[in-house]
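Okay, structure first, notes after.
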Ligand code: SF4
């Protein structure tokens, strides 16, 4: 949306005070996200009441779920933009109608073709589901391509790159497939062209995302699509680090692991949300697998990709989760020794399969289990981070630390942007003038529960 707006002549500002049009991009994945979205809309609505006239646009997943309620209950909202209708941001912002835009002619605005890739794919019947079963009337099938303008919301040296949209998995706690539509991959050439363009513009680290990156290419009959894509991205010289997030457990193939092990600029980093470890809970989640299968698969990952950093996340307090099933999860976490782990409290979502399940746990019980699991991981993390002291790693220097002006902050290949612990840099050779967005060698000098302290030792 920022790219489309900027290409049409809009000037972007992070300040709601200064803006003529305020766009609130929302999430409605779980209840706390919905609440946060509504709070932000109300906060932004207050800006409409003081002084200059402003437009308020609400975009994103909340619109897909509650389009009519938003319009009815928050009259300050001038327009809504769902996840499948991004181009309408121009009209919503008042930029697509020339007479409303201070005399600029329509030719000054580039109207994008709608769903350049999604349309083609739908016409060829490549979706893996026959019928749309979402909570909204229309199937969202928007998919951007390399020609879609982008404005990076991340620092200049790194970018997220979405390789696919939507999801065909039936996880019973999740409404993402209903919000985002069926799984569809971007064209191979489109992803590569965008990665090359990003590299030319100074991006050195790319993080591939999608609801399920490991299914990449399946919808157009590509086998091991992600591995093939990584191979191709590894050839782009200026990209120093490429990683992907959100792997689906049983989609991590031997070829994918071998590609990660072989290609130097593909980070040895695997994010595979397992959601639980008890086979009976996983069955109720409609995901399959269990502690034994997962442990075998983790052993294979570590065997094939030396020095692998492993990240996962779990949902705690799924309906009917017994103490025994929770204990299975705790034992599994102790054994698997993840480098990074997140634990989320189960959030009941209308429209999700699990909404109708019995034996819901109380929020208090769920929170106490979540804390217990995080406590186990904290100890594991503390012990394992200690072993890194004295070792040297590549470091991408990101800038001044948010914690203190006296510290710099960076990441090693073990750290994905925004989600993992931090590396604080407190020393560097006197002749150095550290530059943000550049790579250095660092030595770890201290470790904490999740964070590390390092010294830059060279280029
Ligand atoms: S794979 Fe992820 S996005 Fe897809 S249904 Fe399951 S949890 Fe939701």
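Counting other C-beta atoms within 10 Å, which of 197, 411 has the fewest, and how do the rest follow?
On the way: 197 12, 411 23.
Exposure proxy ranking, most exposed first: 197, 411.
Hey, what did the chain get for relative contact order, percent, Cα under 8 Å, at least 6 apart? Don't skip to the answer; put the middle values down first.
Values: 842 pairs, mean separation 42.9, N = 459.
Worked out over the chain, it gives 9 percent.
Grab the alpha carbons of segment 252-291, take their convex hull, and tell me the volume per residue in Å³. Before the final figure, lay out each step's value.
Details: hull volume 2.9 nm³, N = 40.
About 73 Å³ per residue, rounded to a whole number.
Which semi-axis lengths, in whole Å and largest first, follow from the square roots of five times the eigenvalues of the Cα gyration tensor of segment 183-267?
On the way: eigenvalues 79, 43, 23 Å².
With the √(5λ) rule applied to segment 183-267, the semi-axes are 20, 15, 11 Å.
Need one number: nm distance between label points at residue 6 and residue 201, each 7 Å from Cα along Cα→Cβ, rounded to one decimal.
0.5 nm
Between rounded, prolate and oblate, where does segment 366-413 land on the alpha carbon gyration tensor, with a ≥ b ≥ c its root eigenvalues, rounded for a/c under 1.5, else prolate if a/b exceeds b/c?
Working: a/c = 3.01, a/b = 1.65, b/c = 1.83.
It comes out oblate by the Cα gyration axes.
Enumerate the whole-percent occupancy of each 5 Å bin, from 0 to the last occupied one, for all C-alpha pair distances of segment 274-338.
4, 18, 29, 24, 15, 7, 3, 1
Fewest to most neighbouring Cβ within 10 Å: what's the order for 180, 443, 303?
Details: 180 23, 443 17, 303 11.
If I rank by nearby Cβ atoms, fewest first, I get 303, 443, 180.
What is the list of residues in segment 348-364 whose amide nitrogen lies under 17 Å from a point 7 angstrom out from the Cα of residue 280, following Cα to Cβ?
Flagged as within label range: 357-361.
Each label point is 7 Å from the Cα along the Cα-to-Cβ direction; what then is the distance between the points at residue 459 and residue 152, in nm?
Those two pseudo-labels are separated by 2.2 nm.
Rg to Rh for segment 7-101: what is it, with Cα atoms only and Rh by Kirkwood?
Values: Rg = 13.0 Å, Rh = 13.7 Å.
Ratio of gyration radius to Kirkwood radius: 0.95.
Mark the label point 7 Å from the Cα of residue 258 along Cα→Cβ and return the residues of segment 268-305 whose backbone N is within less than 17 Å of it.
300-305
Distance in nm between label sites at residue 36 and residue 372, each 7 Å beyond Cα in the beta-carbon direction?
About 2.7 nm separates the two model spin labels.
With N set to the number of residues, divide the alpha-carbon radius of gyration of the chain by 2.2 N^0.38 Å and report two decimals.
Values: Rg = 23.1 Å, N = 459, 2.2 N^0.38 = 22.6 Å.
Taking N as the residue count of the chain, the ratio is 1.02.
Kindly put 169, 415 in sequence by how many other C-beta atoms sit within 10 Å of each C-beta, fewest to most. Each step should come with its number before you reach the end.
On the way: 169 15, 415 26.
So the ranking, lowest neighbour count to highest, is 169, 415.
Using alpha carbon centroids, what distance separates segment 434-459 and segment 19-62, in Å?
When both Cα centres are located, 38 Å separates them.
For segment 332-374, compute the orientation-averaged projected area of the C-alpha convex hull (one quarter of its surface), in nm². Each step should come with its number before you reach the end.
Details: hull surface 15.8 nm².
If I average the Cα hull's projected area over directions, I get 3.9 nm².
At 0.36 nm per residue, minus the direct Cα-Cα distance, what do residue 43 and residue 403 gain on full extension? Give it in nm, one decimal, please. Can you show the working numbers first?
On the way: separation 360, 0.36 × 360 = 129.60 nm, distance 2.68 nm.
Answer, rounded to one decimal: 126.9 nm.
Please report the antiparallel percentage of DSSP beta bridges with both residues in the chain, rounded to the nearest 5.
Values: 20 of 53 bridges.
Looking only at bridges with both residues in the chain, the antiparallel portion is about 40 percent.
Using only DSSP helix segments of four residues or longer, with each worth -39500 (n - 2.57), what per-residue ellipticity at 222 nm results for the chain after dividing by its residue count and rounding to 500?
Details: 13 runs with 138 residues, N = 459.
Value at 222 nm, helices only: -9000 deg cm²/dmol.
Just so you know, all these numbers are worked out from the coordinates, no wet-lab data involved. Only a predicted model underlies this, so the values are computations on that prediction, with no experimental measurement involved. Backbone-built Cβ (ideal geometry, glycine too); neighbour counts: all protein chains shown.
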